1. Rounded to the nearest 500, what is the 222 nm mean residue ellipticity of the chain from helices alone, with -39500 (n - 2.57) per DSSP H run of 4+ residues and division by all residues?
2. Quick check: net charge around residue 257, other residues with Cβ under 15 Å of its Cβ, Lys/Arg +1 and Asp/Glu -1?
3. Along the charge dipole of segment 8-270, which of 41, 172, 267 sits closest to the positive end, that is, farthest toward it, with unit charges on the beta carbon of Lys, Arg, Asp and Glu (+1, +1, -1, -1)?
4. What is the dipole size for the chain, taken about its Cα centre, with +1 at each Lys and Arg Cβ and -1 at each Asp and Glu Cβ, in debye to the nearest 20?
5. Just 85, 68, 179 to compare: in a GNM of the chain, with alpha carbon springs under 10 Å, which one fluctuates most?
6. Counting only GluC sites (Glu not before Pro) that sit in a DSSP loop (anything but H, G, I, E, B) with at most 16 other Cβ atoms within 10 Å, what is the longest stretch of the chain containing none of them?
7. Around residue 70, what is the net charge, scoring Lys/Arg as +1 and Asp/Glu as -1 over all other residues with Cβ under 9 Å from its Cβ?
8. Connecting C-alpha atoms closer than 10 Å in a GNM of the chain, tell me which of 153, 29, 211 has the biggest fluctuation.
Amino acid sequence: MSEQAEAVVVEGDVPVLRWPALAALGVEAVVTTRRGGVSAGPYASLNLGLHVGDDPEAVVENRARAAGALGAALDHLVLADQVHGATVATVTASARGRGARALGDTVGAADALVTAEPGPVLTVLVADCVPVLLVDPGARVLACVHAGWRGTAAGVVPAALRAMAALGARPASVVAAVGPAVGPERYQVGPEVAHGLYTALGADADRVLAADGPGHWRADLVGANRLAAVAAGVDPGAVMTSGWTTGDHGPFFSDRARRPCGRFGLLARLVG
């Protein structure tokens with residue numbers, strides 16, 4: 001594996017980003033863009049978030065279209081209430097459909113979803129935070145992670161790896177794919193974020209924080225989550241990135257660029 005960008009945006013009715021290398025590992029995965037849906041206004045057009053003020057019927061239709069990009073149905077999706085922490089929900093095939101149509105029907109508060117069963121389409125929603133896919137292809141254990149700065153500081157990626165290990169995965173066998181997120185050139189942070197990253201990463205935080213004036217830094221959240229995965233035992237050469245960042249004029253929603261806005265998603269499932 002290469003840590004360089006290996007993802008491409010596929011044009012079509014629902015343009016998505018894919019990592020071609022994942023198919024050989026028994027995983028189907030896409031990252032949606034803001035295009036190809038039915039939402040209007042600041043949510044145009046493929047908003048997958050029910051919690052941002054969009055028309056719920058439009059969001060459900062968008063989610064059905066996103067699932068269709070994987071050859072799945074709406075009721076295969078599994079979502080959690082994302083709370084910017086490090087809680088992990090381990091799900092089975094019986095969880096299919098949880099949170100797909102309504103906010104009150106998710107699997108509960110969690111920022112990482114883990115499964116060892118084919119069928120559930122693990123779904124995390126982002127709009128600047130980092131979407132991370134983790135898979136041990138030999139053990140056939142899959143995780144999808146939502147990692148904002150608070151989740152990164154809380155150790156959500158290592159927590160997901162521990163939950164995967166409980167199902168038989170080994171961090172050294174895990175392949176990671178880190179999706180589009182806010183780029184360091186657009187992400188100026190203060191002491192609270194910097195302290196959180198130092199708490200999570202120790203001296204390695206120097207590698208993802210760049211001083212940007214008194215009491216300010218530019219933070220690389222994608223790099224921070226890559227470091228967190230590697231520190232937890234993932235081979236550095238098994239971490240793929242996407243080559244994309246969020247922003248006002250790109251194909252991905254950005255909460256920092258515009259509020260209100262929609263949410264794009266990382267959707268993944270084990271095959272077979």
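Coordinate-derived values only; no laboratory data. As the structure is a prediction and not an experimental result, all values here were calculated from the model. Cβ sites come from the backbone with ideal geometry, for glycine too, and all protein chains shown count toward neighbours.
1. Estimated from H runs of four or more residues: -5500 deg cm²/dmol.
2. Within the 15 Å Cβ shell, the charges total +2.
3. Of the candidates, 172 comes out farthest on the positive side.
4. Numbers: 21 positive and 25 negative charges, 43 e Å.
Charge dipole of the chain: 200 debye, to the nearest 20.
5. Top of the fluctuation ranking is 68.
6. On the way: sites that count: 3, 11.
In short, 12-272.
7. Values: positive: 269; negative: 28.
Within the 9 Å Cβ shell, the charges total 0.
8. Checking each option, the largest mean-square fluctuation is seen for 211.
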